[in-house]
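Single-structure report; data block below.
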Amino acid sequence: DNPALLQALSLANNGTTTNNGNNNGRIYPVYIVDPNCYALLKCSVSRAKFLLECVQDLDASLKERGSRLYVATGDPVEVLPQLWEEWGVTHMTHEADETGEPYAVERDAAVREAANKDAGGRRNVKV
């Protein structure tokens, strides 16, 4: 099991939603279904169902607060810059990966690099 998955899909335990220092603008909570993620490629039907239920619960919790969860599919390094451009995003926060899996570490570093490159170094990134 991946405890980080549980933490990231709960508002109560999610530092990016509770500790975001820049709440002056609109917040776009995003969950990316990454088809290259080992945890998704090798998960059981029960685990996939649990993940879907967690995503639905997070969306419901956000809707109670007047927001919603945006779900996208694909490589986060490609998908996120498209969303940042579409939404005019100037700040990005994300959960730190706690698995230590090489793919996740490389992916997160590439997303942070894309965030800074995409905005000419002007996008504030917080983990």
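Points worth noting:
- The stretch between residue 60 and residue 101 holds 11.8 nm of extra length on full extension. This uses 0.36 nm per residue minus the Cα-Cα distance.
- Full-extension gain in nm, residue 113 to residue 48, via 0.36 nm per residue minus C-alpha separation: 20.4 nm
- Shown here for the range 26-56: trypsin sites (Lys or Arg not before Pro) in loop regions (DSSP other than H, G, I, E, B) with at most 13 other Cβ atoms within 10 Å, namely 26, 42.
- Rounded percent of accessible protein surface that carbon and sulfur make up, the range 30-88, 1.4 Å probe: 53 percent
The values are calculated or read from the model by the stated rules, or taken from the named source; none is laboratory data. If you're wondering where the values come from, they're calculated on a predicted model, not measured in any experiment. Don't worry about glycine lacking a Cβ; one is built from the backbone with ideal geometry, like all the others, and counts go over all protein chains shown. Calculation scope for accessible area: heavy atoms of the full protein, side chains included, ligands and nucleic acids excluded. Shrake-Rupley method; radii C 1.70, N 1.55, O 1.52, S 1.80 Å.
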